[in-house]
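The values are calculated or read from the model by the stated rules, or taken from the named source; none is laboratory data. Just so you know, these numbers come straight off a predicted model, no measurement behind them. As a convention, Cβ positions derive from the backbone with ideal geometry for all residues, glycine included, and neighbour counts pool all protein chains shown.
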Amino acid sequence: MAARGPTRPSLAQLTDLATQLRHDQDVDHSTLRQRDRRIGRELDRDGITQRTARLTGWLTRVWPTTKPRPGDAAARADISVRAIATVIGLILGIAAAAGMLVYDGRNPVNVFHMLGLFVGVQWLLLLLTLVAFVPARWTAHLPGFIPVVALQNVVTALSPGRLQGFASRWFTDEQREAWAQTLAAGRTHQQLFGNVHRWLVLDTAQSIAVAFNLGAVGATLLTIVLQDVAFVWSTTLQMDAATFHRITSVMSTPWGWFWPDAVPSLALVEQSRFFRLQQGGFQADAAMLGQWWPFVIASMVVWGLVPRVLMLLLARRGRHRAIADTFLHMPGVTQLEDRLNAALVETRAVEPQARTAQPDAAIRSASAADSDDNAMTGGCVVINWSSVPIEDAHVPAVVARCLGARTAAIHPAGGGREPADDDALIATLAADPAKPRVVMLVKSWEPPLGELLDFLQSMREALGRGRAITVIPVGPTVAGALTAPDESDRSIWSRMLGQIADPWLDMADWPAGETP
Amino acid sequence: MTEPTFAVVGHPNKGKSSIVATLAQDDSVLISDRPGTTTEVRRYPMRVEDKVLYTLIDTPGFQRARRALAWMKEHAPSAADRAQAVRAFVEAHREGGRFPDECQLLQPIVDGAGILYVVDGSCPYSDEYEAEMEILRWAGQPCMALINPIGSEEHVQSWRTALGQFFSVVRVFNAMTAEFTKRIELLRAFGQLRDEWRSPLEQAVEVLQADRARRDRLAAGEIASMIADMMSTTVHTQIGQGVDAAPHRERLKEQHRDKLRQRERKGREAVEECYDHRQIERQEQDVAILEEDLFAERSFVLFGLSRTQLMVAGATGGAITGLVIDAHVGGASFMLGSLIGGAIGGTAAWWSADRIAEFKIGPLPLGGKRLSVGPSRNLNLAYVILGRALHHHAVIAARTHAHRGALMLDLTPGDTASPSGNWLDQLPAPQRKAVQRALNLLIKGPENETSLALLTDALVPILAREDRKADGKPAGQS
């Protein structure tokens, strides 16, 4: 029994599904129908009913086990991208913190700078990221003058997550091809797959941001532990110590109740205000200035790192949902589910139909000029085959017009008559010492059957070589008069009579524009 | 032979294979104006998963019926021996080669198949048919006569009179024009030939009706996807900063239109495949209305909406959006939401009436310009695409699998014009409003799954109408 598929598809499975559906476009529809319904019934037997599980179960059964999956390569590429992004974020965070915390004993570290970069800028970027998170189904209903979508595109375009493309130069060929396949679908169906791409970018961006904050916090902690760092606060803004103390108190609200040391006191704030102009005269307790560090660390963690971790979790959730959504709404999935789930109804033949080669040899055409001496002098014997609707009195005119010959006798044959009567007629014709030409009137709209062809062959055997037999196909009766045969009917008669390969058998054409 | 089986027999070239192709929905059946195209019996089982509900058998035509009947008469001393005489005939000549066609066509009948005797209603009746009808009567199996008027119905009545003397059930069935409901009726009639056939054939009818509804839904999805793809199609190119964009404009617009044409062709093929039409020949010589360019003025004249209609259609979508807003605020907006929404929607439809897609120029981060055409917000284009798609679907849904001619999509203005002059007006009001709402939503978010699903749902009853038009019965109902 095959394993049940997960209910949440992965990026690998999304890539594999897109690849397989693309491949199936070149496969015959009835082959797909049979294959997929067979798989659908297996899934039914295994009790797999959930949509995603059925589709992943289908993928497992359709993809040859010996063939490497592009999804695996895409997944490895994705992991590589995030790993590279994490490393880049860490390095940037460490470097930023290290740069901020440069202290040679003369210029203390400005708390404003630390808060500005690791809290203020983080929150600005966070707000822009929140704009990018607005779902498409909400933006579709917003008035056009609110440029949410445009802003989302700018954020995505400028997002550090786009380092994916940069990171791909370190991919293996297999990973690069799989990644390109996944992104190519994004270009073809921009809104559907573009959503997945957007969340991949956002996820990567949050990974970088979390790593950045981790690196910054780690570097700051390490610096604080290994060196003495003095913190001051300095700004051109007209802000007194009491105001700044209020700001820091508010910022400390999340941790103040369990880590009071991380809440700067009014005295600390008052004593750590710094103006570069008074650098030489700045008097403060160095150990006291170091007391800012819990507040700085707590701010970096609570206002910098934690929101980014939450955003990362949101981005991961959004990514999973986008992948799941795209998985179920990819072009071709509706048709696939129909093939999986709908009972296979077949009405076509199972075996292909064999074509029989039909010779194109046409019968020789007879004309008035071909009439031999017997026909001109003794007259023809006319056979009305299968009750051609013509009165006997009109037959001579038809024969004269078609062949320029005289009619000596008229006999019925075929149709509702007994076969023995036809045999007797042949015997009579064979015994006629005058050996007249035999003319057969036939209905052009009825195809020449085997029994007519048998009759002609039997007659040839009885009459012998050299005796002329002429077939005249006549058209349907219109307003009481016979008409010329339809060209397609005439052609059928010509080809069928030609198969007999009788050199003394010919077919007379109806004179153009003439009726009896 | 356990499931109902029917042998389709008759004179050569009278449409037996055409009838089989139509009933079996199989366009691989060899059909030719040359008699003798079918030389061997071929079975067409109707299967649901592994279960066969009934089988049709195509057979070669009678070639030597009189001689065959003469043999049988010699070997049937009394009426009670007739069925046995037919069986004996087949056994005696199976290997001989003298009556290959008669042996082929009579074998399934001897094995218990019902008889469907096919004649051409456009040709006059004559006594040459009586020998084969007599043989079939001797076989003793349930039988029905089908008059297939190839070309005209001139002699249908005389055939009815003649056939009535040999067959208890005589029906007229045109293999080239029989729409789905007619085929279902015929299958039900098959079930009347023998009591034990009624249940499996009724089950087969239910399965086929459900399958038809499934195909309609698939086709609706294909059309909705096609419209969404076409409306969201974008082409773009990049040029240098100082390069003039004007020369690229028309080329880019033509590329955009080519993409739309390709997608429309692909969509049509997908719809054809929904109904198992895989070998359709396109009409190439004459310019039919649907072969005519998607963007030709005539297309927009026949399938597009007038400016006023567009305003109404756009306003309907906007007003519905406004109603949603009004509902959310508990009516406190005094229905202003629907009025405002209607005005905005209607105005947008007016302004976009004449433009397929906008040509846009945007900056690139590292310099240069990005030129793009699309996606389209032209509501009228969406209606033209949908109108063309619905007409194509109507032709395909009505086309039988016996049809071997080119797909005739030709149209005159009167074919789609209602007294108010538009295909949309011919739809019942609920369906029309559903389409308008769905298209308005689709314009805003072409690949939004909600708008796609809405449009699909709106199209399903419209497509199902095609099966209803022939005789007033809803598709899927008896």
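Computed values, structure above
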| quantity | calculated |
| --- | --- |
| Filtered residues of region A:355-380 (kept if modelled with pLDDT of 60 or more, in a loop (DSSP other than H, G, I, E, B) and more than 7 Å from every other protein chain (Cβ to nearest Cβ)) | A:A357, A:P359, A:D360, A:A361, A:A362, A:I363, A:S367, A:G378, A:G379 |
| Selection count, region B:47-63, where residues are crowded, with 17+ Cβ neighbours inside 10 Å, without any contact (Cβ under 8 Å) to a residue 24 or more places away in the chain and out of contact with any strand residue (DSSP E or B) (no Cβ under 8 Å at 6 or more places or on another chain) | 0 |
| Of all residues in region B:109-127 being in contact (Cβ under 8 Å) with a residue 12 or more places away in the chain and more than 31 Å from the chain's Cα centre (by Cα), the one that is nearest to the other protein chains (Cβ to nearest Cβ) | B:P124 |
| Residue tally, condition within 26 Å of B:L69 (Cα to Cα) and either surrounded by fewer than 20 Cβ atoms within 10 Å (Cβ to Cβ) or at pLDDT below 90 (or both), over region A:385-412 | 4 |
| Residue ID - farthest from the other protein chains (Cβ to nearest Cβ), chosen from residues in region B:99-108 that are under 19 Å from B:R82 (Cα atoms) and touching a helix residue (DSSP H, G or I) at 6+ places or on another chain (Cβ under 8 Å) | B:Q107 |
| Residues of region A:432-450 classified as of a type in the set (D, E) and within 12 Å of another protein chain (Cβ to nearest Cβ), total | 1 |
| Test: A:D72 is assigned to a helix (DSSP H, G or I), over 28 Å from B:V48 (Cβ atoms), among the charged types (D, E, K, R) and at pLDDT below 90 | yes |
| Residue check, B:A204 within 14 Å of another protein chain (Cβ to nearest Cβ), surrounded by 19 or more Cβ atoms within 10 Å (Cβ to Cβ) and not β-branched (V, I, T) | yes |
| Odd one out for B:L252, checked against (1) among the aliphatic types (A, V, I, L, M); (2) within 12 Å of chain A (Cβ to nearest Cβ); (3) closer than 20 Å to B:K360 by Cα | (2) |
| Close pairs from region A:63-86: first without any contact (Cβ under 8 Å) to a residue 40 or more places away in the chain, partner of a type in the set (A, V, I, L, M, F, W, C), Cβ under 9 Å, at least 6 apart | A:A83/A:A167 |
| Tabulated pairs, region B:64-76, first more than 10 Å from every other protein chain (Cβ to nearest Cβ) and assigned to a helix (DSSP H, G or I), second surrounded by 24 or more Cβ atoms within 10 Å (Cβ to Cβ) and β-branched (V, I, T), C-beta under 9 angstrom, 6+ apart or interchain | B:M72/B:V86; B:M72/B:I135 |
| Where a residue in region A:229-246 is under 10 Å from A:V269 (Cα atoms) and its partner, wherever it lies, is among the basic types (K, R), with Cβ under 9 Å and at least six apart | A:V232/A:R273; A:W233/A:R273; A:D240/A:R273; A:A241/A:R273; A:F244/A:R273 |
| Qualifying residue in region B:203-223 (condition: outside any helix (DSSP H, G or I), touching a Leu at 6+ places or on another chain (Cβ under 6 Å) and either in contact (Cβ under 8 Å) with a residue 60 or more places away in the chain or not β-branched (V, I, T) (or both)) | no |
| Residue count, region B:8-37 (criterion: under 25 Å from A:V345 (Cβ atoms) and at the interface with chain A (Cβ under 8 Å from one of its Cβ atoms)) | 7 |
| Residue that is of a type in the set (V, I, T), within 17 Å of A:G415 (Cα to Cα) and assigned to a helix (DSSP H, G or I), where the choices are B:I109, B:I135 | B:I135 |
| Of the criteria (1) away from every other protein chain (no Cβ under 13 Å); (2) under 18 Å from A:P473 (Cβ atoms), which one A:D392 fails | (2) |
| Among (1) assigned to a loop (DSSP other than H, G, I, E, B); (2) of a type in the set (D, E); (3) surrounded by fewer than 19 Cβ atoms within 10 Å (Cβ to Cβ); (4) at pLDDT 90 or above - the single one A:E446 does not satisfy | (3) |
| Conditions (1) in a loop (DSSP other than H, G, I, E, B); (2) touching a Phe, Trp or Tyr at 6+ places or on another chain (Cβ under 6 Å): number failed by A:W510 | (2) |
| Filter result (assigned to a loop (DSSP other than H, G, I, E, B) and under 12 Å from A:A362 (Cβ atoms)) within region A:482-499 | A:Q499 |
| The listed residue being at pLDDT 85 or above, in contact with a helix residue (DSSP H, G or I) (Cβ under 6 Å, 6 or more places away or on another chain) and basic (K, R), out of A:R54, A:R38, A:R45 | A:R54 |
| Candidate set from region B:39-59 (those that are outside any strand (DSSP E or B) and within 10 Å of another protein chain (Cβ to nearest Cβ)); member that is nearest to A:N341 (Cα to Cα) | B:E49 |
| Any hit, region B:226-237, residues being within 10 Å of chain A (Cβ to nearest Cβ), touching a residue at least 60 places away in the same chain (Cβ under 8 Å), part of a helix (DSSP H, G or I) and not small (G, A, S) | yes |
| Given (1) within 30 Å of B:K73 (Cβ to Cβ); (2) more than 14 Å from chain B (Cβ to nearest Cβ), number of the condition A:A405 does not satisfy | (1) |
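Rundown of residues vs (1) free of Cβ contacts under 8 Å to residues at least 24 places away in the same chain; (2) closer than 22 Å to B:G61 by Cβ; (3) basic (K, R); (4) within 14 Å of chain B (Cβ to nearest Cβ), yes/no style:
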| site | (1), (2), (3), (4) |
| --- | --- |
| A:L452 | no, yes, no, yes |
| A:Q457 | no, yes, no, yes |
| A:T470 | no, no, no, no |
| A:V474 | no, yes, no, yes |
| A:G480 | yes, no, no, yes |
| A:D486 | no, yes, no, yes |
| A:R490 | no, yes, yes, yes |
| A:R495 | no, yes, yes, yes |
| A:D502 | no, no, no, no |
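Let's see how each residue does on (1) at pLDDT below 65; (2) more than 14 Å from chain B (Cβ to nearest Cβ); (3) loosely packed, with under 14 Cβ neighbours inside 10 Å:
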site: A:P143; (1), (2), (3): no, no, yes
site: A:E174; (1), (2), (3): no, yes, no
site: A:Q181; (1), (2), (3): yes, yes, no
site: A:A205; (1), (2), (3): no, yes, no
site: A:Q227; (1), (2), (3): no, yes, yes
site: A:T236; (1), (2), (3): no, yes, yes
site: A:H245; (1), (2), (3): no, yes, no
site: A:V250; (1), (2), (3): no, yes, yes
